[in-house]
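The values are calculated or read from the model by the stated rules, or taken from the named source; none is laboratory data. Treat the numbers as computed from the prediction; the structure is a model and nothing was measured. A quick note on method: Cβ atoms are made from the backbone with ideal geometry, for glycine too, and the neighbour counts reach across all protein chains shown. Accessible surface is based on the protein model in full, side chains and every heavy atom, while ligands, DNA and RNA are left aside. Shrake-Rupley method; radii C 1.70, N 1.55, O 1.52, S 1.80 Å.
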Amino acid sequence: MTTTAFFIPCVNLMGAGCLSDAVKTIQSYGFKKALIVTDKPLVQIGIVKTVTDQLAGAGVGAVVFDGVQPNPTTGNVAEGLKLLNDNGCDFVISLGGGSPHDCAKGIALVAVNGGSIKDYEGVDKSAKPQLPLVAINTTAGTASEMTRFCIITDESRHVKMAIVDKHTTPILSVNDPELMLLKPAGLTAATGMDALTHAVEAYVSTIATPITDACALKAVEIISQWLRTAVADGKNIEAREQMAYAQFLAGMAFNNASLGYVHAMAHQLGGFYDLPHGVCNAILLPHVQAYNKQVAAKRLGDVARAMGEKVDGLSDDAAADVCLAAIRKLSADIGIPSGVAQLGAKAEDIPTLTENALKDACGFTNPKQATAEEISAIFAAAL
Ligand SMILES: [Fe+2]
């Protein structure tokens, strides 16, 4: 028997209108001044002002850092940290999707532990818990508002660093679907497929447990039922709420069962070409699971069943094929490109991408460990 640990923020608020509950909770914790880590589109559509107004009403000050890039960088972390120190902020609020959450984790971790965010690449490299982080989510998604995963691009190496550290877990996560209604269709599709990838990779992971299995399969079920609606009709609050629950469940799964080669490889495409994380995952997902089918066919059959597919009476191998087809159909239905070459990826870069993918900590729990030749073949198939 091996022992396992289960990580999750200690307070998690869900449902339409829960932002006001979050502000009351922040007030009750006695925090005085937030560094709000966010991006410019959220300033432009007014969501940042909604939050700062509510904080001001509760007597909580705020300084806004809106310089987070879509794939947050070591430079973004350093810039936000300077603003935090210059203004004497006593806690951090991340507001947005995965990029602001990850950047905020980097800032909050270095604020307490010192040095540079590069010092914490890997698993549990920090000595102390980060500055308190409240993560207000506006996508469904990365689940970064509730995980211990922090992905920061090292600009000097063009590599996405995976920082997996229990000390980056936010103290409070907030999923208010009213903040998700303005999310564009393309972003809804990409982030929804990211969540599906979290669930599938966690379910076939070598360290899956009955807890993570339950979370993963329920996430797959909800995503299959609601993602198409959320993409087609962004104002549908029920679809937004269901996707918020689904991505949170997928987050519970992968935060504890970790991921696999889809993420290990998508991080390289994202870091090398500055591509959207969810789209890279969506394209790679069926290719990596076709490889994993050699050892995880039965589990992929379970995923097919959770997607609403009829697999009773089929062999494990045939059921896994149904799973791959259902994933491809979902991607196509919501407008995900069929290959990464359409996004600018080039065959000549595959050796570099492969070398870095094999170092990514997310790949260590893939159900079958691959050779460099096998990873290169998967990249080539996904072009
Ligand atoms: Fe992801």
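Per-structure values
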read-out	value
Assigned charges on the beta-carbon of Lys, Arg, Asp, Glu; region 11-179 dipole about Cα centre (debye)	240
FRET efficiency, 1/(1 + (r/R0)^6) with R0 22 Å, evaluated for Gln69 and Thr352 via beta carbons	0.50
Bridge type composition, the chain - antiparallel percent by DSSP, nearest 5	20
Heavy-atom accessible area ranking, 1.4 Å probe, most first, across Phe31, Phe272	Phe272, Phe31
Separation in nanometres of the label points that stand 7 Å from Cα toward Cβ, at Ala381 and Ser156	3.7
For region 24-102 and region 277-318, distance of Cα centres in Å	39
Accessible surface, 1.4 Å probe, highest first, among residues Ser173, Ser315, Ser99	Ser315, Ser99, Ser173
Nearest-10 value in Å² for the accessible area of Thr2, using the 1.4 Å probe	120
The chain - mean residue ellipticity at 222 nm from DSSP helices (-39,500 (n - 2.57) per run, n ≥ 4, rounded to 500)	-17500 deg cm²/dmol
18 Å Cα-Cα threshold exceeded, pairs from Lys125/Lys166; Lys128/Lys166; Lys33/Lys183; Lys310/Lys368; Lys118/Lys166; Lys118/Lys346	Lys33/Lys183; Lys310/Lys368; Lys118/Lys346
Accessible solvent surface per residue of the chain, calculated while the other protein chains remain in place, 1.4 angstrom probe, Å²	37
Solvent-accessible surface ranking, highest first, for Asp124, Asp274, Asp213 at 1.4 angstrom	Asp274, Asp124, Asp213
Extension reserve of the Asp316-Val295 stretch, reckoned as 0.36 nm per residue once the Cα distance is removed	6.5 nm
Potential extension, Thr229-Leu182 segment - 0.36 nm per residue separation minus Cα distance	15.5 nm
With DNA, RNA and ligands ignored, accessible area of Lys118 (1.4 Å probe; Å², nearest 10)	90
Antiparallel DSSP beta bridges within region 11-179, percent to nearest 5	20
Choice from Asp102, Asp119, Asp312 with maximal GNM fluctuation in the chain (Cα, 10 Å cutoff)	Asp312
Computed E for Asn87/Lys118 - FRET, C-beta separation, R0 22 angstrom, nearest 0.05	0.35
Accessible carbon and sulfur surface of region 11-179 relative to its total accessible area, %, 1.4 Å	54
Euclidean distance of C-alpha centroids, region 319-377 and region 120-147, integer Å	25
Gained length - Ile237 relative to Lys368, 0.36 nm times residue gap less alpha-carbon distance	43.2 nm
Mean Cβ count within 10 Å, highest first, over the residues of peptides 47-58, 256-267, 359-370, 277-288	256-267, 277-288, 359-370, 47-58
Isotropic mean projected area of the C-alpha convex hull, region 185-382 (nm²)	9.8
Accessible area (Å², 1.4 Å probe, nearest 10) - Cys10	110
